[in-house]
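Notes follow once the structure below has been shown.
Where a number appears in this text, it was derived from the coordinates with a stated rule and is not lab data. Note that the structure is a prediction, hence the values are computed from the model and not measured. Methodologically, a virtual Cβ is constructed for each residue, glycine included, from the backbone with ideal geometry; neighbour enumeration extends over all protein chains shown.
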Amino acid sequence: MTPTHGATAELRVSQLEHAYGPRSVLEGVELRLPAGRTLALVGPSGSGKSTLLHLCAGLLTVRRGRIDNGFARTAMLFQQPHLLPWKSALDNIALGLKARGTPRALRLRAARAMGHAMGLDDTALAQFPPQLSGGMQSRAALARALVLEPDLLLLDEPFSALDIGLKGHLHRLLLAEQARRPLAVLMITHDVMEAVTLADSVLVMAGTPARVRWRLDLTVPPARRDDGWIYQQTARLLAQPVVREAFDLPAPEHGTAQSLAQAPTHRLPTPEPIATAPSQLELDGGAMVAASLPSTPRERC
């Protein structure tokens, strides 16, 4: 797919499979992420989330299936800030612009402005990473990604080690950037509440090999969600039997499960054994959609 600027671009994953040697980790994964939307992948450890993200980033080679990235500029934020310790915070933020060939004066001006937007003052920007707190390092890493003006931002749990206050602040900074322009975000997280806070749709991955097991589309825009709404939607998501099974959670009491799971749901038709992959999951509104899974692995060519 040819990279496309503006709101018409999208990331599309079709019939994706991946294996490490003889061990298959992904099978039949399909998703679509349009410009300006956020898609969160959640699931237990080892469910293939990072593998899928790295495939979308081009860090791993696609061997089966297809990934079409129609976005012109992609940036990625990792679990660790990965700042160069011998460069100042300002120079770290400007690093991608330097690689792009932006003149020094222009890249430092842009890096300083983005650092300020992330809450880093001139004193912090002049310091080296070992002199910065973990929160400041995370802000610098986010600034380094956003200063590139990416059309697609890939998030590999960059906020997982932060305290709740700082995490919430960085969430608001990210939402403000999306309000300014049609930035698409594909994020992975173990934190279901974080996914409900930021995402337009949440996909739950589980199984061996991993597949998409459940989808939750959130119709309220992220900027309009309050704490009560987020807690309610998180509880509803965790009340779904297929989600509890994915995370190996005990079944809730019957009355509790019934009261929580009030959101409209729709389960795709159960396929015949050795069926094709679930229907493509799209961020186009709706409610919760469960992806039916065959109990027997699909035959391989």
Q) residue 244 to residue 84: FRET efficiency via 1/(1 + (r/R0)^6), r the Cβ-Cβ distance, R0 41 Å, to the nearest 0.05? A) 0.45
**Q.** Dipole of segment 3-138, positive direction: furthest Cα of 83, 48, 58, with charges on the beta-carbon
**A.** 58
Q.
Test of the criteria: in segment 87-129, which trypsin sites (Lys or Arg not before Pro) are in a DSSP loop and have at most 16 other Cβ atoms within 10 angstrom of their Cβ?
A. 87
Q) Can you give the extra length, in nm with one decimal, that the chain gains between residue 62 and residue 133 once fully stretched, where that is 0.36 nm per residue apart less the Cα-Cα distance? A) 21.8 nm
Q.
Please compute the Kirkwood hydrodynamic radius over segment 12-98, one decimal place, Å, based on all pairs of different Cα atoms.
A. 15.1 Å
Q: Show the residues, 5+ positions off or on another chain, whose built amide H is closer than 5 Å to the amide H of residue 214.
A: 204, 291
Q: Describe numerically, in nm with one decimal, the distance between label points set 7 Å from Cα along Cα→Cβ at residue 98 and at residue 23.
A: 3.8 nm
**Q.** Residue-wise HN-Hα coupling along segment 83-99, computed from phi with Karplus coefficients 6.51, -1.76, 1.60 (Hz; x: Gly, Pro)
**A.** 7, 6, x, 8, 10, 5, 4, 4, 5, 5, 5, 7, 4, x, 5, 5, 5
